[in-house]
Amino acid sequence: MSDSSKPVAQTWFGPITAVQRRAMFALVPVAVAFGLVVGLAFLPLTSAFGGLAKVGSETVLELPDELVLPPAPESSTLYASDGETVIATFGDQYRVQLEYDQIPASVVSALVATEDSNFFEHNGVDPEGVMRALVTNIADGGTSEGASTITMQYVRQVLSYTATTPDEVAAASEVTVDRKIKEMGYALALEEEMTKQEILTNYLNTVYFGNGAYGIGAAAQVYYGKVPADLTVAESAMLVGLIQSPSIYDPINGSSEAAQVRRDHVINRMVDVGSLTRAEGDEAKAEGLNLNPQQANNTSGGAIDSDYGFFVDYFEQWWNQQEDFGDSEEVRKARLYRGGYEIVSTLDVELQRAAQDAVEKQKETGSEYALGSVVVEPGTGGIQVMAVNRNYSNDVSENGPNTGGPGKGSYPNTTNPLLSGNSAVPGYQAGSSFKMFTMLAALEEGYPLDTTIYSPYQYTSKYVVGDGEAACGNKWCPKNASKSEVGNYNMWTGFGESVNTYFVQLAERVGVEKAINIAERLGIKFRSQEDLNFVTNYPESYGPFVLGVTQTTPLDMAAAYATLPADGVYCPPIPASNATTLTGQTIPFESACDRAVSVEVARAAVDAARCPTEYGAAAGNCTWGTAPQVGNAVDGPVAGKTGTTDSNSTNWFVGFTPNAAAAAFIADPDSPQHFVGKANLGKPANAVAEILAAQWDLNGEGDFTPPTDLVH
């Protein structure tokens with residue numbers, strides 16, 4: 001007898017075919033698992049599950065905390081240090097959060113009629129639908145799709161939204177029996193914790209409607225330019241129809257005909273379940289789609305203003321390294337973009353504005369030379385300013401030519417971390433501003449500030465180098481900036497006038513490896529392979545380090561010099577002070593500050609650093625300084641150091657008051673061989689002079705404490 005001639009079994013929901021019968025026998029183990037969950041679903045809604053429901057929520061599947069009234073993914077907001085000025089948002093979804101009473105009845109009726117007509121009667125799982133799925137869908141393809149209630153769909157959404165890796169996202173929506181069973185178990189438990197209205201509200205606030213719109217609030221705006229309360233029945237039906245497949249029924253970029261067919265199907269279902277009369281349904285179907293498309297207000301992470309861009313980029317990179325926000329960078333970024341944090345940064349908006357003006361006054365944004373500055377707060381490491389004469393933008397279509405080769409240059413638009421550096425942007429030679437590390441090493445070894453050394457115009461050192469302009473045979477023999485710089489110098493006068501041959505001899509006495517060690521303790525990172533090779537493998541013979549031939553960034557230098565007014569405590573730079581979660585919990589951020597040098601070493605170094613600005617030393621005598629404009633501009637105590645490299649390839653100034661340290665540079669990021677030349681010397685010092693003057697006017701306070709030791 002053929003299968004077709006066998007009697008057809010009947011069930012309470014219809015006949016079973018031979019194919020379905022074979023599938024049922026093959027899926028007995030699966031049916032047992034389904035049976036337990038479905039058995040719970042048959043319990044009366046009013047029973048509140050009782051003892052068996054307790055088994056369902058605690059034994060079948062324990063409900064994860066995030067499924068109980070979970071917050072919908074929300075963008076995070078980054079504020080300035082004032083806690084009020086928004087400087088950036090981070091998010092990947094456009095949504096408008098609504099309360100239940102803000103959602104029109106037509107949307108709720110359309111959703112229930114189309115997606116789950118028994119929603120108000122079941123306990124999270126529709127038994128009849130589950131049985132159909134078990135017998136029919138699995139027989140057809142081994143899947144368990146179909147029969148998903150609104151509660152189950154909501155569970156799937158939340159599992160997907162709270163996923164932080166591609167694998168977790170895929171697992172949340174994979175078409176498997178195990179996933180369906182888990183979904184049903186969660187749905188049953190969820191309905192014990194949430195009301196029907198809460199489930200509908202959360203569902204409609206999170207479901208995707210296409211064209212970048214998440215939730216009915218965003219969908220009403222994107223498709224009709226309306227708030228949901230103003231939607232007509234036909235418009236509500238059209239939007240609900242998108243839920244099944246936002247791409248297939250997309251009326252904006254796809255087929256308006258398909259969208260209308262789907263809309264009419266939703267209206268017909270509303271008529272079938274009694275939400276609309278036949279006449280009301282016909283009237284609604286007679287309407288056109290009447291679209292009024294609007295751009296989704298998506299945020300993909302970024303600064304409100306280009307001037308904040310480099311700071312915001314650094315903040316995001318910093319956030320992605322904070323282990324408290326997840327086990328991987330992927331997890332941490334997901335939490336930033338979806339966690340709805342309110343984060344107070346360390347950026348001082350007023351000082352940032354003053355710094356940006358000062359930088360662009362010295363070198364316009366369209367220049368091939370980058371001039372930028374960073375300000376760090378001593379004692380906290382808080383980054384108050386990141387300003388550079390560039391627009392933070394990926395659009396390089398109108399950029400000037402690359403001075404180092406073919407293609408576009410990095411001006412005026414770039415996203416390269418010119419101020420903070422990375423493996424691809426190691427930084428710029430800092431010149432004589434590195435003399436600070438040799439002076440600190442000498443002071444730490446007990447050499448006092450009045451250590452006097454005869455310093456010729458040119459000096460043949462003990463350091464072996466290759467052939468070159470600064471070589472005498474095979475020895476490194478650096479020169480001073482002027483032939484007039486000859487004679488006896490100490491740390492005050494040698495630092496104030498930036499006498500190269502004094503500091504090379506001081507390094508020979510102390511050991512250049514100790515200067516390198518000091519630099520590392522003050523946070524200087526060696527990013528280029530060449531620099532790293534020297535400081536790691538040949539530190540004791542790396543004489544040119546003394547005069548700043550290694551590459552560094554203004555962020556590193558500002559944080560390093562901020563150690564001095566902080567009495568020797570180094571604080572790694574940090575871009576945020578705290579973050580508040582959606583639940584109101586405040587998470588404080590603090591830099592991992594550590595003592596780098598002793599109090600007396602720091603105070604002695606500060607006293608010598610007062611000479612270059614001509615502010616004047618407290619414990620000794622200065623002659624003249626290389627940056628008198630800084631002392632003239634700042635109406636308060638100020639110190640610092642200029643830095644110029646061989647052939648004027650780059651130029652720097654790093655300065656500080658008792659409560660701010662600023663580093664500025666000028667260089668061509670595209671070509672180290674495109675020297676800034678004499679015309680640009682002094683511009684970093686000019687910029688820092690204005691920045692520190694503004695800082696002192698805004699919130700300057702305190703004074704430098706003179707040293708009592710290491711003077712004579």
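To keep it simple, each residue is scored yes or no on (1) in a helix (DSSP H, G or I); (2) of a type in the set (Gly, Ala, Ser); (3) touching a residue at least 40 places away in the same chain (Cβ under 8 Å).
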{"position": "504", "(1), (2), (3)": "yes, no, yes"}
{"position": "517", "(1), (2), (3)": "yes, no, yes"}
{"position": "523", "(1), (2), (3)": "no, yes, yes"}
{"position": "532", "(1), (2), (3)": "yes, no, no"}
{"position": "564", "(1), (2), (3)": "no, no, yes"}
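Over 26 Å from residue 88 (Cα atoms) and among the β-branched types (Val, Ile, Thr): is that true of residue 267 in this structure?
For residue 267, the condition - over 26 Å from residue 88 (Cα atoms) and among the β-branched types (Val, Ile, Thr) - is met.
Quick test of your reading of the structure: residue 282 fulfils all but one of (1) buried (at least 16 other Cβ atoms within 10 Å of the Cβ); (2) in a helix (DSSP H, G or I). Name the failing condition by number.
Condition not satisfied by residue 282: (1).
If you take the residues of segment 156-204 that are under 16 Å from residue 74 (Cα atoms) and at pLDDT 90 or above, which of them is surrounded by the most Cβ atoms within 10 Å (Cβ to Cβ)?
204
If you go through segment 403-415 one residue at a time, do you hit one that is within 27 Å of residue 712 (Cα to Cα) and among the aromatic types (Phe, Trp, Tyr)?
Residues of segment 403-415 that are within 27 Å of residue 712 (Cα to Cα), as a first pass: none.
For segment 403-415, residues within 27 Å of residue 712 (Cα to Cα) and among the aromatic types (Phe, Trp, Tyr): absent.
Of everything in segment 196-252, what is out of contact with any helix residue (DSSP H, G or I) (no Cβ under 8 Å at 6 or more places or on another chain) and of a type in the set (Lys, Arg)? Give them in sequence order.
196
Listed here are the residues, each with its yes/no results for (1) basic (Lys, Arg); (2) more than 26 Å from the chain's Cα centre (by Cα); (3) surrounded by fewer than 24 Cβ atoms within 10 Å (Cβ to Cβ).
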| site | (1), (2), (3) |
| --- | --- |
| 489 | no, yes, no |
| 497 | no, yes, yes |
| 502 | no, yes, no |
| 511 | no, yes, yes |
| 537 | no, yes, yes |
| 554 | no, no, no |
| 557 | no, no, no |
| 560 | no, no, no |
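Could you please find all residues in segment 227-273 being among the hydroxyl-bearing types (Ser, Thr, Tyr), without any contact (Cβ under 8 Å) to a residue 60 or more places away in the chain and crowded, with 18+ Cβ neighbours inside 10 Å?
Let us first name the residues in segment 227-273 that are among the hydroxyl-bearing types (Ser, Thr, Tyr), namely 232, 236, 245, 247, 249, 255-256.
Add one more test, that the residue is without any contact (Cβ under 8 Å) to a residue 60 or more places away in the chain, and what stays is 245, 247, 249, 255-256.
Within segment 227-273, just 249 meets the criteria.
Taking the conditions exactly as written (surrounded by 23 or more Cβ atoms within 10 Å (Cβ to Cβ), in contact (Cβ under 8 Å) with a residue 12 or more places away in the chain, basic (Lys, Arg) and out of contact with any helix residue (DSSP H, G or I) (no Cβ under 8 Å at 6 or more places or on another chain)), does residue 603 satisfy them or not?
Judged against the criteria, residue 603 is a match.
Among the numbered criteria (1) over 43 Å from the mean Cα position of the chain (by Cα); (2) surrounded by 18 or more Cβ atoms within 10 Å (Cβ to Cβ); (3) of a type in the set (Ser, Thr, Tyr); (4) closer than 27 Å to residue 530 by Cβ, which one does residue 433 miss?
Among (1) over 43 Å from the mean Cα position of the chain (by Cα); (2) surrounded by 18 or more Cβ atoms within 10 Å (Cβ to Cβ); (3) of a type in the set (Ser, Thr, Tyr); (4) closer than 27 Å to residue 530 by Cβ, residue 433 violates only (1).
Considering only segment 230-256, how many residues are assigned to a helix (DSSP H, G or I), more than 21 Å from residue 274 (Cα to Cα) and at pLDDT 95 or above?
In the first step, residues of segment 230-256 are kept if they are assigned to a helix (DSSP H, G or I); the result is 230, 233-242, 256.
Now drop any that are not more than 21 Å from residue 274 (Cα to Cα), which leaves 230, 242, 256.
After this cut, where a residue has to be at pLDDT 95 or above as well, the list is 230, 242.
Final tally of qualifying residues: 2.
Which numbered condition in (1) modelled with pLDDT of 95 or more; (2) assigned to a helix (DSSP H, G or I); (3) out of contact with any Ser or Thr (no Cβ under 6 Å at 6 or more places or on another chain) is the only one that residue 307 fails?
(1)
Looking only at segment 635-647, decide whether some residue is hydrophobic (A, V, I, L, M, F, W, C), farther than 21 Å from residue 388 by Cα and more than 37 Å from the chain's Cα centre (by Cα).
No - not one qualifying residue is present in segment 635-647.
Please identify the pairs in which a residue from segment 327-338 that is over 16 Å from residue 75 (Cβ atoms) has its Cβ atom under 8 Å from the Cβ atom of a residue that is part of a helix (DSSP H, G or I), counting only partners at least 6 apart or on another chain.
331/325
Rundown of residues vs (1) part of a helix (DSSP H, G or I); (2) hydrophobic (A, V, I, L, M, F, W, C); (3) modelled with pLDDT under 85, yes/no style:
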position	(1), (2), (3)
55	yes, yes, yes
81	no, no, no
106	yes, no, no
123	no, no, no
129	yes, no, yes
132	yes, no, yes
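For residue 590, work out the one condition from (1) in a loop (DSSP other than H, G, I, E, B); (2) out of contact with any strand residue (DSSP E or B) (no Cβ under 9 Å at 6 or more places or on another chain) it doesn't fulfil.
All conditions pass for residue 590, except number (2).
Residues that are among the hydroxyl-bearing types (Ser, Thr, Tyr), closer than 24 Å to residue 403 by Cα and touching a residue at least 24 places away in the same chain (Cβ under 8 Å): find the strands (runs of 3 or more DSSP E) completely inside segment 621-712 holding 1 or more of those.
Once the strands (runs of 3 or more DSSP E) in segment 621-712 are filtered for at least 1 residues that are among the hydroxyl-bearing types (Ser, Thr, Tyr), closer than 24 Å to residue 403 by Cα and touching a residue at least 24 places away in the same chain (Cβ under 8 Å), what remains is 639-644.
Taking the condition within 30 Å of residue 386 (Cβ to Cβ), assigned to a helix (DSSP H, G or I), of a type in the set (Asp, Glu) and at pLDDT 95 or above, does residue 264 pass?
Criteria not met by residue 264.
Suppose we filter 347, 351 for residues that are outside any helix (DSSP H, G or I), under 23 Å from residue 387 (Cβ atoms), touching a residue at least 12 places away in the same chain (Cβ under 8 Å) and more than 10 Å from the chain's Cα centre (by Cα); which single one remains?
Result of the check over 347, 351: 347.
Being touching a residue at least 40 places away in the same chain (Cβ under 8 Å), outside any helix (DSSP H, G or I) and over 21 Å from residue 415 (Cα atoms) narrows it down to one of 372, 379, so name that one.
None of the others qualify; the one that does is 379.
Show the residue pairs meeting these rules: Cβ distance below 8 Å; 6+ apart or different chains; first residue within segment 568-597 and aromatic (Phe, Trp, Tyr); second residue surrounded by 14 or more Cβ atoms within 10 Å (Cβ to Cβ) and part of a loop (DSSP other than H, G, I, E, B).
Partner pairs satisfying both residue conditions: 570/522; 570/523; 570/563; 570/593; 570/596.
The values are calculated or read from the model by the stated rules, or taken from the named source; none is laboratory data. Everything numeric here is computed off the predicted structure, so don't read it as measured data. In this analysis, Cβ positions are derived from the backbone assuming ideal geometry, glycine residues included, and neighbour counts consider all displayed protein chains.
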